[in-house]
Amino acid sequence: MIALIQRVRQARVEINNDCVGKINQGILILLGVEASDNKVHADKLLHKILNYRLFSDKAGKMNLCVKDIQGEILVVSQFTLVAQTDKGLRPSFTKGAPPALAEELYDYFVQQAKEQVPTQTGQFAQDMQVFLQNDGPVTFTLQV
């Protein structure tokens, strides 16, 4: 399981010009699921994201996590994150989870997140437009 996380001042996701998820200060999570992933991977990745210190304290050091700042998260499924790009000029998605497994783990990840922090989402397997105001910019790739 892989996540591209971005510290944001605000973010939203739209489908056909309708806003389906919106947050203020927090983390935008683009989430990719690999065929070898399971709920243990989802739990580990969520724990890491929610406790990752990417927000600045009063001294300007990245010492605070999203829970410390009472921030929100926006989770958007993004299967292209699992692409293998090391060979050729076309990405390979052979490591990606089949759609049913990917959706199951995405939904599980979101449900677990909702139990811990205010959480919004996009819609799985939909064509979405993501808008964000990246804060910093601060962007990390996390994988378990």
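Considering 35, 100, 59, the condition of being surrounded by fewer than 15 Cβ atoms within 10 Å (Cβ to Cβ), modelled with pLDDT of 95 or more, over 18 Å from residue 2 (Cα atoms) and not acidic (Asp, Glu) is satisfied by 59 alone. For the stretch 66-93, a tally of residues being in contact (Cβ under 8 Å) with a residue 24 or more places away in the chain and of a type outside the set (Gly, Ala, Ser) returns 13. Residue 85 meets the conditions (1) within 19 Å of residue 43 (Cα to Cα); (2) surrounded by fewer than 17 Cβ atoms within 10 Å (Cβ to Cβ); (3) of a type outside the set (A, V, I, L, M, F, W, C) in every case but one. The failed one is (1). Of the residues that make up the stretch 10-29, is at least one within 13 Å of the chain's Cα centre (by Cα), within 17 Å of residue 82 (Cβ to Cβ), touching a residue at least 12 places away in the same chain (Cβ under 8 Å) and buried (at least 17 other Cβ atoms within 10 Å of the Cβ)? Yes, because at least one residue in the stretch 10-29 is within 13 Å of the chain's Cα centre (by Cα), within 17 Å of residue 82 (Cβ to Cβ), touching a residue at least 12 places away in the same chain (Cβ under 8 Å) and buried (at least 17 other Cβ atoms within 10 Å of the Cβ).
The values are calculated or read from the model by the stated rules, or taken from the named source; none is laboratory data. Here the structure is a predicted model, which is why all the values come from computation and not from measurement. Glycine also receives a Cβ, built like all others from the backbone with ideal geometry; neighbour counts cover every protein chain displayed.
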